[in-house]
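**Student:** Input: one structure, supplied below.
Laboratory data are not the source of any read-out in this text; all were calculated from the coordinates shown. Treat the numbers as computed from the prediction; the structure is a model and nothing was measured. Ideal geometry is used to build each Cβ from the backbone, glycine not excepted, and the neighbour counts take in all protein chains shown.
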Amino acid sequence: MKMNDTFMKTRPVFPLLLSMALPNVISMLVNSLYNIVDSLFVAQISEQAMTALSLVFPIQNFVNAVAIGFGIGINAQIALYLGAGDHENANRAATHGMMFSLLHGVLGMVLCIAIMPGFLRRFTTDPALVDMGVTYSTIVFLFSLVNMADLAFEKIFQSVGRMNVAMVALITGCVTNIALDPVLIFGLGPVPALGIAGAALATGIGQAVSLVVYLYVYCTTEIAVRFSRRCLRFDAALDGKLYAIGVPAILNLALPSLLVTFLNGLLAVYSQSYVTVLGIYYKLQTFLYLPANGIVQGMRPLVGYNYGAREHGRVSKLYNLTLGLSAGIMAIGTLLCLTIAGPLMGLFTSNPETIAIGQAALRIICLGFIVSAVSTTSSGALEGLGKGVPSLVISLCRYIIFIIPIAWVLCGRMGPTGVWHAFWITEALSAVIAYAVYHKAVHQK
């Protein structure tokens, strides 16, 4: 018996979007809280440990980008098939998607552990800093297979409207991680103090707990798509569609890793404090972009389903509502950065120089927050519609085409401050491109 998924094209748009987005927003807020709390505990080890996390971030973000990006391909294909009433191909998309996700996990684990020592030495000659980074990254990447399966399940459940399952799994994993951080980092009773290795181990155990939740729900409840051994047969057309959406989505999410690596190279010439500030900024901005992304995640299966069902008017309404809600979240973030930038930086470091640099950086970068909602909403909507390449064009503008040359030129003229100005200038230019690309792509037959 198939679950009824037609509510995605029959319920009123606004309450439907809220019902799909709210569990994601809650999940993303908890995930943001975990990211910040995790960094606060690591910062208590030393500022050097915080810098090690900043240097590992690009590769760690790339692995997550592969998991989430390919998951977006799975999500979009399932939603499009369900919208068209094709449950057989929806099952096939879920089965192939999970199979490839597991393969990505094995490859990611092996390759990332192998390259990390050399990667870290490109940015520092401090052997203690390299050792910290290698210790943290090795443990984190040992859980790559778990992480890939975890995020594939998340996108599958979201694609069929089971947002509450994804919310419970993510929250359970994050709470586990937060609870284990102080125990494993600083030690408690018979548990020895593991330092930065404890932070990595807590992250991996949290991911494993989330995966257990998904497996339990999948095995004990009804879901609109199921894995099937008979669906494992090679299907070039389907696999091509998964990667046609997934690869641009992976690149969308991985481009920040390339950007951070480039910016770290610019900033490290001046002081390690600037590298630390950039790492702290990316931790703080997740508290805004992850909730906004939660709304986009709620929209993505809805626009895919309605596009598959040829309900184009509902697709347009969903896009506009998501844009407005995302801009509202980013407006709150702008206000916070303008008014309490110093205390926010003070959460992660007690170094007066780093706090002063970070305070100035946040007040400049936040000028582009609100307008960035146009790019993030447009990219998410295009991915939901199965239009991965136009979405990639938007992300290339945000993370490569505009910001890298602008940051390089302004850094040469203004020093590190020029890098901070490059952020808001890039968001303004990218918003114009994103609006045009979305409306052109969505009206193509």
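**Student:** Could you work out the local net charge near D235, counting Lys and Arg as +1, Asp and Glu as -1, over the other residues with Cβ closer than 15 Å to its Cβ? It would help to have the intermediate numbers written out before the result.
**Tutor:** On the way: positive: R92, R229, R230, R233, K241; negative: D86, E88, D239.
Its environment carries a net charge of +2.
**Student:** Suppose R0 equals 41 Å. What FRET efficiency, 1/(1 + (r/R0)^6) with r the Cβ-Cβ distance, do L111 and I332 give to the nearest 0.05? Kindly include the intermediate steps, with their values, before the conclusion.
**Tutor:** Values: r = 39 Å, r/R0 = 0.95.
The value I calculate is 0.60.
**Student:** Further question: With the chain treated as a Gaussian network of Cα nodes joined by springs under 10 Å, which of L321, L267, L103 yields the largest mean-square fluctuation?
**Tutor:** L103
**Student:** Using per-residue counts of other Cβ atoms within 10 Å, averaged over each peptide, order 281-291, 398-408 from highest down. Don't skip to the answer; put the middle values down first.
**Tutor:** Working: 281-291: 21.6, 398-408: 19.0.
The peptides rank, most packed first, as 281-291, 398-408.
**Student:** Dividing the Cα radius of gyration by the Kirkwood radius, what Rg/Rh value follows for the chain? Kindly include the intermediate steps, with their values, before the conclusion.
**Tutor:** Details: Rg = 21.2 Å, Rh = 22.1 Å.
So for the chain, dividing Rg by the Kirkwood Rh gives 0.96.
**Student:** Each residue of the range 326-333 in order: what ³J(HN,Hα) in whole Hz does its phi give by Karplus 6.51 cos²θ - 1.76 cosθ + 1.60, θ = phi - 60°, with x for Gly and Pro?
**Tutor:** For the range 326-333, the Karplus curve yields 5, 4, x, 4, 5, 5, 4, x Hz.
**Student:** What distance in nm separates the simple spin-label points at T221 and M414, each placed 7 Å from Cα in the Cβ direction?
**Tutor:** With each label placed 7 Å out from Cα toward Cβ, I get 4.9 nm.
**Student:** Moving to a separate point now. Please compute the net charge surrounding L255, taking Lys and Arg as +1 and Asp and Glu as -1 over other residues with Cβ under 15 Å from its Cβ. Mind dumping the intermediate values first?
**Tutor:** Details: positive: R398; negative: E383, E427.
So the environment of L255 carries a net charge of -1.
**Student:** Less than 20 Å from a label point 7 Å out along the Cα-to-Cβ axis of D86: which backbone N atoms in the range 362-385 qualify, by residue?
**Tutor:** Inside the label zone: 382-385.
**Student:** For the ranges 185-193, 362-370, 341-349, what's the packing order if you count other beta-carbon atoms within 10 Å of each residue, average per peptide, and put the highest first?
**Tutor:** On the way: 185-193: 12.6, 362-370: 21.2, 341-349: 18.2.
The peptides rank, most packed first, as 362-370, 341-349, 185-193.
**Student:** If the cut-off is 13 Å between C-alpha atoms, which aspartates and glutamates fall inside it for K241, apart from same-chain ones fewer than 8 positions away?
**Tutor:** E383
**Student:** Also: With all distinct Cα pairs included, what does the Kirkwood hydrodynamic radius of the range 181-253 come out to in Å, to one decimal, could you say? Walk me through the intermediate numbers first.
**Tutor:** Working: mean 1/r = 0.0615 Å⁻¹.
Answer for the range 181-253: a Kirkwood hydrodynamic radius of 16.3 Å.
**Student:** Where in the range 50-64 does the label zone of D131 land, with the point 7 angstrom along Cα→C-beta and an amide N cut-off under 13 Å?
**Tutor:** Residues passing the 13 Å test: none.
**Student:** In the chain, which Cys residues have no partner Cys with a Cβ closer than 4.7 Å?
**Tutor:** So, C112, C174, C219, C231, C397, C411.
**Student:** I401 versus K440, label points 7 Å from Cα toward the beta carbon: distance in nm?
**Tutor:** For I401 paired with K440, the spin-label model returns 0.8 nm.
**Student:** Taking Cα centroids, how far is the range 359-427 from the range 27-66 in Å?
**Tutor:** First find each Cα centre; the distance between them is then 21 Å.
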